[in-house]
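First up is the structure itself, then whatever we jot down about it.
Every read-out reported here was derived from the displayed coordinates using simple, explicitly stated rules and does not represent laboratory data. Only a predicted model underlies this, so the values are computations on that prediction, with no experimental measurement involved. Positions of Cβ are generated from backbone atoms using ideal geometry, with glycine treated the same way; all protein chains shown enter the neighbour counts.
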Amino acid sequence: MHTVDQAVACYKEGFSCAQAVLSAFGPQFGLDREMALRVAGAFGAGIARMGKTCGAVSGAFMVIGLKYGKTKADDDDARERTYAVVGEFMERFISRNGSIICKDLLGHDLSTPEGLLAVREKDLSHTLCPKFVRDAVEILEEIL
C-alpha cells in the first residue's frame, strides 16, 4: 500500500490527521506504528481540537523532524535544514489549501461548541480532512 493510501486509510479508521501522517512514515525512521500513534495523539483537530495548526501539518512536521532533526547540541546545520524543509512544506500546503490553520481550513472553530457542532453536522472531518492528510503526505513524498 502506498504511503498516501496508508495514511488516508489510517485516518478513516478513526485516528486523527496527525496520527495518520506520522504513522504512515514512522517505520521508515525507526518509529513503530503504535509509538507514532501515541506521539501524534494530541495534535489532531488543530492541536487537541483547538483549531490551531492542522494536525496533518503537525504530523508532517514530525516526519520532517524524524528525517532531518537536530540530535547534537552543536548541529546548527541540521536545525537550519529542518526549518528550511518545514518552510517549503508550509508553502506547498498553503498553495494547495490556503492555510495551515485548522479552523480556517474547515471554516469553523473547533474550540467552540458551535464550531464543533457545525463541523460535525456538515461532516467536514470526513469530507475535507482526508484531502488534507493526502496533501500532507504527497508533499512530504515530494520534498523528503
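Across region 82-108, which residue is nearest to ASP135 (Cα to Cα) among those that are of a type in the set (S, T, N, Q) and crowded, with 17+ Cβ neighbours inside 10 Å? Spell out the reasoning first.
Of region 82-108, the ones of a type in the set (S, T, N, Q) are 82, 95, 97, 99.
So of that shortlist, the ones also crowded, with 17+ Cβ neighbours inside 10 Å come out as 82, 97.
Values: THR82: 19, ASN97: 9 Å.
Ranking the qualifying residues of region 82-108, first place goes to ASN97.
What's the number of the condition SER111 fails, among (1) surrounded by 14 or more Cβ atoms within 10 Å (Cβ to Cβ); (2) polar (S, T, N, Q); (3) within 21 Å of LEU22 (Cβ to Cβ)?
In the conditions (1) surrounded by 14 or more Cβ atoms within 10 Å (Cβ to Cβ); (2) polar (S, T, N, Q); (3) within 21 Å of LEU22 (Cβ to Cβ), SER111 misses (3) alone.
Pairs needed: first member in region 96-110, closer than 11 Å to ARG49 by Cα; second member anywhere, of a type in the set (Ser, Thr, Tyr); C-beta distance under 9 Å; at least 6 residues apart or different chains.
Pairs found: CYS102/THR53; LYS103/SER111.
Report yes if GLY65 is at negative phi and not charged (D, E, K, R), otherwise no. Don't jump to the end; show me each part of the working.
On the way: at negative phi: yes; not charged (D, E, K, R): yes.
Against the criterion (at negative phi and not charged (D, E, K, R)), GLY65 qualifies.
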